[in-house]
Amino acid sequence: MSTADTHAGGSSAGGASAPFARGTVLALLLVGAALFVGLLWFLGHAASPANNGGGHASGRGLNGYAALAALAQEDGYTVARTRSESGMEQPGVLVLTPLPDADGKAIARIVDKRRTIGPTVIITPKWQASLLPRKEKRPRGWTRINGVSLAQWPGFADDVTVSLNGEKGAQGHGWRTADGRSGPLPNDKLVVSGTGQALVPLVTTSDGRTLAAYRDDNGYYPSLDRLADVEPPTVEPSGPEGEDGGRNMDLHPVILVFEPDLMDNYGLANRPTAMLALDILHAAAVDSGSRAITFDLSLAGLGGRPNLLTLAFEPPFLAATVGLLLTLLAVGWRAFCRFGPPRTAPPSIPPGKTTLVANSAALIRRAGRLHLLTVPFVDALRERLVARLGLRRGAAAEQVDPLIDAHLARLHPDSVPFSIAAAQLAAAHRPADAVRAAQALHTLEKDLA
């Protein structure tokens, strides 16, 4: 076995060939970096599907609010959706659509934080819905109403009570506003209303139950006052808590929509109801001075959990991330700015006939077939001696061996005859006997040289 000295497409440095071309290494690094960036992008944008039949701004079912978001956007508002509390801290109107069993204290914390940021609209839930089966071949996200589930939010607005249909058998007979507008509700038999202190009604039923209201909390909300047809208060100088009977100009309103059909896809199929929903958002936005509306998805069950990319760049993992990036930069710099040619390891199997013979012998010894080589070894040695002594080739061993013995006796009378040594090797079965006899024949061959 011989080994060829191969130069595989690389430039040599100091006589040693490079295992890879520089262009190949650069291509591998660039492709790896691109794949890593793609992995980071997928980690940062991985989120559960929004159109899942839930009651939120991405839901396209009867209980969703996708129509309200689209309507506001068509009216010129900048509409955004958020899955984290940090997204709720932006100026403008925030619309919350919590689940019936949402954490009331979490809702209260969000609302309290936004009192000086922007208006907050809280829509209470009503409908229990499920996605339509795929076999019905309906658009994705469409839902079927299965029942009713009212809000249970202890810790938020505990002075407000939410009820279904008020007295037994009472019906809503649509909605009314203070300025005389009216419209139907999708289901007059199941109407949610609210009662509580410091509530200023914006929308009511024909029998006076409150469907939507804002809280009278010493703030100054002239647009909402006009929509509710109440006299806006006279603005007087006030401290941060509204001392001396004045109004706190820094507060933003909290609007409670008890009947979700005033703003969900189910109710917005009616044009007057859609215009009413837009008017409520407009009244809230005018006083804030912003044309931005943010719809929260987290309280509706689509909260964005921190992903690996986000955690990697936040304490306490930020230090480890920076250290890793600096280490990678240092390793890359050293790889491209090394001193001298790369060190190559010697071949595990050195080239040459000696190695070939040694490997072949080791294979035969490991296989335990040494006794099968004795006769071929004798025949090969006999052919060499026949050629060296000028004897007739192709003659039988019985004719050639006496001639070789005679020639050997003339040169070395004390030597063992060739025929005897050959017979000993042919009869050997143990490895030690075979090696001993082969060495004796090899000595005879050298004596006849």
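Taking the chain as a Gaussian network, where each spring joins two C-alpha atoms under 10 Å apart, which residue of Leu132, Leu190, Leu318 fluctuates the most? Checking each option, the largest mean-square fluctuation is seen for Leu318.
Could you calculate the contour length gain from Ser149 to Leu411, that is, 0.36 nm times the residue separation minus the distance between their Cα atoms, to one decimal place in nm? Intermediate values should be presented prior to the final figure.
Details: separation 262, 0.36 × 262 = 94.32 nm, distance 11.91 nm.
Value of the extension gain: 82.4 nm.
Could you tally the net charge around Ser223, taking each other residue with its Cβ under 10 Å from the Cβ of Ser223, Lys/Arg +1 and Asp/Glu -1?
Values: positive: Arg226; negative: Asp225, Asp279, Asp287.
Local net charge: -2.
A crude spin-label estimate for the pair Ala33 and Arg134, with each label 7 Å from Cα along the Cβ direction, gives 4.1 nm.
Near Arg138, no amide H atom lies under 5 Å from its own; only residues 5 or more places off or on other chains count, and H is placed 1.01 Å from N.
With R₀ set to 41 Å, the beta-carbon distance separating Leu326 from Ile349 gives a calculated FRET efficiency near 0.45.
For the chain, with only Lys/Arg (+1) and Asp/Glu (-1) charged at the beta-carbon, what is the dipole magnitude about the Cα centre, in debye rounded to 20?
Details: 43 positive and 41 negative charges, 685 e Å.
The dipole magnitude comes to about 3300 debye.
Tell me, what does the Kirkwood hydrodynamic radius of the chain come to in angstroms if you use every pair of distinct C-alpha atoms?
30.8
In this simple spin-label approximation, Met249 and Ala396 carry label points 7 Å from Cα along the Cα→Cβ vector, and these lie 13.4 nm apart. Stretching Asp158 away from Asp103 to a fully extended chain increases their span by 18.5 nm, per 0.36 nm per residue minus the current alpha-carbon distance.
Leu276 sits among other residues whose Cβ lies under 15 Å from its own Cβ, and their net charge, with Lys and Arg +1 and Asp and Glu -1, is -3. Around the amide H of Gln128, modelled in the peptide plane, lie the amide H atoms of Asn146, Gly147, Val148, Ser149, all under 5 Å away and 5 or more residues distant in sequence or on another chain. Only Cα pairs under 8 Å and 6+ residues apart enter the sum, and on that basis the relative contact order of region 353-447 stands at 30 percent. Against the empirical curve 2.2 N^0.38 Å, the C-alpha radius of gyration of region 353-447 lands at a ratio of 1.14.
Residues considered: Asp401, Asp112, Asp188. Largest GNM mean-square fluctuation over the chain, using C-alpha springs under 10 Å, is found at Asp401. Summing charges over all other residues whose Cβ lies under 12 Å from the Cβ of His442, with Lys and Arg as +1 and Asp and Glu as -1, gives +1. Packing-based ranking of 133-139, 431-437 yields 431-437, 133-139, ordered from highest to lowest mean Cβ neighbour count within 10 Å.
Can you give the relative contact order of the chain as a percent, counting alpha carbon pairs under 8 Å and 6+ residues apart?
Values: 703 pairs, mean separation 77.6, N = 449.
Relative contact order for the chain comes out at 17 percent.
Once the Cα-Cα distance is subtracted from the 0.36 nm per residue extended length, the Gln197 to Thr24 segment shows a gain of 54.8 nm.
Here is how the number arises for the chain: DSSP H runs of 4 or more residues each give -39500 (n - 2.57), the sum is divided by the residue count, and the result at 222 nm is -12000 deg cm²/dmol. If a paramagnetic tag sat 7 Å from the Cα of Phe336 along the Cα-Cβ line, which residues of region 20-43 would have the backbone N under 20 Å from that point? Counting only backbone N, you get 20-38.
No lab work stands behind these numbers, since they all come straight from the coordinates. What you are looking at is a predicted structure, and each value in this text was computed from that prediction instead of being measured. Positions of Cβ are backbone-derived with ideal geometry, glycine not excepted, and every protein chain shown enters the neighbour counts.
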